[in-house]
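Here the structure comes first, spelled out in structure tokens, and everything after it is commentary.
The values are calculated or read from the model by the stated rules, or taken from the named source; none is laboratory data. None of these values were measured; they are calculated from a predicted model. Cβ placement follows ideal geometry from the backbone for every residue including glycine, while neighbour counts extend to all protein chains displayed.
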Amino acid sequence: MNTASDIIVIGAALNGLAAALALGGRHAKRPLDVTVIDLKDPRSFVSGSFDGRASAITASARRMFEALGVWSAVAGDAQAMVDIIVTDSAKPGAARPVLLQFGPEDMKGGPSAHMVENRHLYGAMLEEALASPHISFLIGQPVESFSFGPGLAAVKLADATEHRASLIVAADGRNSAAREAAGIKLVGWPYDQKGLVATVEHDLPHNGRAEEHFTPSGPFAILPLPGNRSSLVWSERTGEADRMMALDEEGFAAELRLRFGTHLGDVRLISGRHAYPLSMFIAGSFTANRLALVGDAAHVLHPLAGLGFNLGLRDVAALAECIHDAAALGLDIGSAQILERYQMWRRFDTVATGAAMDGMNRLFSNTNPVLTLLRRAGLMAVNRMGGLKSMFVGEASGFSGSLPKLLRGEQV
Ligand SMILES: Cc1cc2nc3c(=O)[nH]c(=O)nc-3n(C[C@H](O)[C@H](O)[C@H](O)COP(=O)(O)OP(=O)(O)OC[C@H]3O[C@@H](n4cnc5c(N)ncnc54)[C@H](O)[C@@H]3O)c2cc1C
């Protein structure tokens, strides 16, 4: 059956569901009619084996979840991050003195972030979207073709049905077919690194502490989950990561223990292992005729600061504000003027964040003795400067820059 709605969102993963809720959810002041299209069934995303990742949800992203009506459904599965330490060591298993620490005294306004497993985020957002009368789903069909006409946009699915809207929001991930169809090029590069992701259980409590251990092959992050559990994001050179993935369980556990250390007692793998190729790509434009890109369709960054989805939420919040403002004035929500406001709001911020993440990865993932000395001195200097530390905590909490209303917890 052919359909017509205000907005089509392509992709029903983290950013697509957030976009659907911000534009047409039950908590939007004037919900628009939204059709969400995904070739995969989003109910499968809730299974633990689909996506082993957990996300650091910043304090501002948490406010957005509250405004969208989904925070109460994940709060019980969220672990507050109340302490962050950063170390820099020459090789796995070597001594790693703490060079930089953000403790509870640096987070007087509350935790900078909460760790939540992605399966819980998918589950809570999907449930809320299914309960929203203005959101409908078309699942199981890939988009065959796009048309970005002057007055309307449309997609044709594999079953030959056609779906029209004033605007297409592409949340279809790093290989976005919508972005490609609109001829938008990417700027960036792949890293010779993969991110290994797994969940572990340990004997001793983490007390809400997140650990980022920089090593020459890439950062090894231990991120606290509820209970005596932690999520690992372990970056390795691609060849080494492939070797780790091919190891039997015992061999993998031995490598993991070497990097994890013994400070939390015995550590056991309690999940499957996932490997994600790492890269930095930013779309040359976040918009085209009747098209807006959000999330990984617009940008893919190194996960060393756990910012990817948080940047996606910033896109969604800014876009939703531009669209709802236009709708309230009776303007065309897919017009070039509205899309330009979104692009101006988001692209510069993303390029600046992407460049910072890329610079940090290059600075830390090497053994050059001069760079090693410089970065260690730099971390220790930041650790002694209260003002600079508060600035970093503000960044980590997601309160820097021009904040859209949803990220301030206000409904749009
Ligand atoms: C190792 C690792 C750790 C990370 N940790 C963090 C963290 O701590 N904090 C954080 O904020 N971010 C983190 N990120 C980043 C974050 O996970 C991603 O930015 C986020 O998952 C991207 O979601 P998305 O919805 O944009 O895209 P995707 O998850 O790629 O979803 C795209 C969706 O579109 C659908 N789709 C694609 N093509 C089509 C088509 N043609 N037709 C129909 N449907 C289509 C797909 O089926 C899919 O459901 C991490 C990333 C990695 C790799």
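Here are the numbers for this structure:
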item	result
So ALA90, is it within 16 Å of the chain's Cα centre (by Cα) and either part of a loop (DSSP other than H, G, I, E, B) or within 9 Å of the ligand (Cβ to nearest atom) (or both)	no
Meets criteria (part of a helix (DSSP H, G or I) and away from the ligand (no atom under 13 Å from the Cβ)) for ALA320	yes
Residues (hydroxyl-bearing (Ser, Thr, Tyr) and in contact with a strand residue (DSSP E or B) (Cβ under 7 Å, 6 or more places away or on another chain)) located in region 212-248	SER217, SER230, SER231, SER235, THR238
Filter result (closer than 15 Å to TRP345 by Cβ and among the aliphatic types (A, V, I, L, M)) within region 292-305	ALA292, LEU293, VAL294, ALA298
LEU313 over 30 Å from GLY218 (Cβ atoms), in contact (Cβ under 8 Å) with a residue 40 or more places away in the chain and crowded, with 24+ Cβ neighbours inside 10 Å	no
Scope region 342-367; condition crowded, with 20+ Cβ neighbours inside 10 Å and outside any helix (DSSP H, G or I); matching residues	SER365
Some residue of region 378-390 being loosely packed, with under 14 Cβ neighbours inside 10 Å and touching a helix residue (DSSP H, G or I) at 6+ places or on another chain (Cβ under 7 Å)	yes
Inter-residue pairs, beta-carbon under 8 Å, first touching a residue at least 60 places away in the same chain (Cβ under 8 Å) and in region 24-43, second aromatic (Phe, Trp, Tyr) and surrounded by 20 or more Cβ atoms within 10 Å (Cβ to Cβ), 6+ apart	PRO42/TYR122
Lone qualifier among SER217, SER147, SER231 - being within 15 Å of the ligand (Cβ to nearest atom), among the small types (Gly, Ala, Ser), within 20 Å of the chain's Cα centre (by Cα) and farther than 25 Å from GLY69 by Cβ	SER231
Whichever residue in region 95-122 is away from the ligand (no atom under 11 Å from the Cβ) and within 16 Å of the chain's Cα centre (by Cα) and, among such residues, is nearest to ARG376 (Cα to Cα)	SER112
Count of residues meeting criterion [under 17 Å from ALA355 (Cβ atoms), of a type in the set (A, V, I, L, M) and crowded, with 22+ Cβ neighbours inside 10 Å] in region 277-303	5
Members of region 41-58 found to be among the hydroxyl-bearing types (Ser, Thr, Tyr) and at pLDDT 85 or above, listed by number	SER44, SER47, SER55, THR58
Cβ-Cβ under 8 Å pairs, at least 6 apart or on other chains, region 264-277 side on the phi < 0 side of the Ramachandran plot and within 16 Å of the ligand (Cβ to nearest atom), far side charged (D, E, K, R) and in a strand (DSSP E or B)	ALA275/LYS194; TYR276/LYS194; PRO277/LYS194
Residue that is farthest from VAL393 (Cα to Cα) [pool: residues in region 55-66 that are within 12 Å of the ligand (Cβ to nearest atom) and small (Gly, Ala, Ser)]	SER55
Unmet requirement for ASP159, which otherwise passes all of (1) part of a strand (DSSP E or B); (2) without any contact (Cβ under 8 Å) to a residue 60 or more places away in the chain	(1)
Region 29-49, subset outside any loop (DSSP other than H, G, I, E, B) and more than 10 Å from the ligand (Cβ to nearest atom), residue nearest to LEU100 (Cα to Cα)	VAL46
Residue within region 326-340 that is within 24 Å of MET115 (Cα to Cα) and either surrounded by fewer than 18 Cβ atoms within 10 Å (Cβ to Cβ) or polar (S, T, N, Q) (or both) present	no
Sole residue being within 15 Å of the ligand (Cβ to nearest atom) and on the phi > 0 side of the Ramachandran plot, chosen from GLY11, GLY69, GLY52, GLY16	GLY11
Check on PHE102, modelled with pLDDT of 95 or more, crowded, with 18+ Cβ neighbours inside 10 Å and touching an Asp or Glu at 6+ places or on another chain (Cβ under 8 Å)	no
Residue satisfying condition, being among the hydroxyl-bearing types (Ser, Thr, Tyr) and surrounded by 18 or more Cβ atoms within 10 Å (Cβ to Cβ), within set SER112, SER49, SER72	SER112
Any hit, region 301-317, residues being in a strand (DSSP E or B) and either closer than 16 Å to GLU395 by Cβ or not charged (D, E, K, R) (or both)	no
In region 194-220, residue modelled with the lowest pLDDT [restricted to those that are under 20 Å from ASP242 (Cβ atoms) and buried (at least 23 other Cβ atoms within 10 Å of the Cβ)]	GLY218
Qualifying residue in region 58-74 (condition: farther than 25 Å from GLU410 by Cβ, in contact (Cβ under 8 Å) with a residue 24 or more places away in the chain and not in a helix (DSSP H, G or I))	no
